[in-house]
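Report on one structure; see the data block that follows.
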Amino acid sequence: MLTGFITFTVVGGIMRTAGDMLTNSFVWMHDTLGIMGGMVLGFLYSPLTMTGMHHSLLPVDIQMVAAGGSFLLAIASCNNVAQGGATSCAMLRTKDKKLKSVAATSGVSAMLGITEPAMFGVNLKLKYPFYGAMIGAALGGGDVTLTNVLNTALGTAGIVGFVCVPAASMLNFLIGTAISIAAGFIFTYIISNIKKFNKELEKRESVAEEKADTSADDSPTAEKGVICSPLTGTAISMSEVPDDTFAAEVLGKGMAVIPSEGKVVAPCHGEISTLFDTKHAVGITTKDGAELLIHVGVNTVELNGKYYEAHVTQGDQVKPGQLLLTFDIQKIQEAGYPVATPVIIANTDDCKDVAGLKTGEVHCMEPLIKLEES
């Protein structure tokens, strides 16, 4: 009871005063600053929604509607659809499958007026979409203020809010929301490529991939004696590798992959036992004692590390799916080198049998080689 009393008398009074001041500030900015006021209102509406203070605007919205028209629905609609546009961009940028799924549905709901799933489930988590949405809302808010879009009825703040404005303003309302969606999407993409946010995005994706890879490692396909593919591309037999040494399996049995993506990941738990200075090949000793060699391209040692980048060092402990190497497929091919990548078991003699599990299209972390211990 005491907590309730204090909440209503003290906190309630403070927040009511804050709400009144906020409302008066919004009305003053719109009436005095014109298009700049509309842009400021649009820019601030997202943080306002995040705190819940936007609810304090409802009473004055009702009063303005009763007096002939309110500008608040158009501003709020620009904010909501900008959140949707930003979320849609985040859906395309992120590799986190769970977040991508959330973004796909919440982006649509934000454009229809329900922003909480998009804002709290995606945009605030990633940060950069939230900033992109604020800019998108500012540009849309400036446009609907410039064209004096007023709602004469209460309704949902989103694309469907056009039914609450006079027929003469419907087109301007839709143009303003379209600007917000497009700007929210575009500025989210731009901000995501800023070095600071790009690093945060890569870090988050790395964590997401590690979680996914840990789950994959516990799956039935990660059974003992199975080596997964460290690349995405086309799996071929060793005899098809355009190099006599590899084709004859002199260095060991295994499979090869013609990569479609320029990255190599750890196919299993193990230790980086070898990392060539030229970064074109990496060796992993698995927990089961298999000595795995991944050699990116044929005769690519001659490139002396050009077009390759290592993301691990010799002696590192690695997990399934952890990024080991990145390389530029196009430039390696333009230099005249095949990119067929042998994935071989160097200590084949210690195994009873080494067999390829599939040929043709193969995805990273799909089972590729089966080892049978002697």
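Some observations on this one:
- Condition check for residue 95: in contact (Cβ under 8 Å) with a residue 24 or more places away in the chain and basic (Lys, Arg): yes
- Flag for residue 254 being within 30 Å of the chain's Cα centre (by Cα) and among the small types (Gly, Ala, Ser): no
- Selected residue [modelled with pLDDT of 90 or more, more than 21 Å from residue 253 (Cβ to Cβ) and surrounded by 15 or more Cβ atoms within 10 Å (Cβ to Cβ)] from 312, 343: 312
- Region 236-253, residues that are touching a Ser or Thr at 6+ places or on another chain (Cβ under 8 Å) and not hydroxyl-bearing (Ser, Thr, Tyr): 236, 247, 249, 251, 252, 253
- If the condition is being surrounded by fewer than 17 Cβ atoms within 10 Å (Cβ to Cβ) and in a helix (DSSP H, G or I), then region 146-173 contributes 146, 160, 163, 167, 168, 170, 171.
- Some residue of region 348-370 being modelled with pLDDT under 90, in a loop (DSSP other than H, G, I, E, B) and surrounded by 13 or more Cβ atoms within 10 Å (Cβ to Cβ): yes
- Within region 250-293, being of a type in the set (A, V, I, L, M), touching a residue at least 40 places away in the same chain (Cβ under 8 Å) and outside any strand (DSSP E or B) holds for 251, 266, 290.
- Helices (runs of 4 or more DSSP H) fully within region 1-108 counting 1 or more residues that are modelled with pLDDT of 85 or more and in contact with a helix residue (DSSP H, G or I) (Cβ under 9 Å, 6 or more places away or on another chain): 35-51, 72-93
The values are calculated or read from the model by the stated rules, or taken from the named source; none is laboratory data. Everything numeric in this text was worked out from a predicted model, so none of it was measured. As a convention, Cβ positions derive from the backbone with ideal geometry for all residues, glycine included, and neighbour counts pool all protein chains shown.
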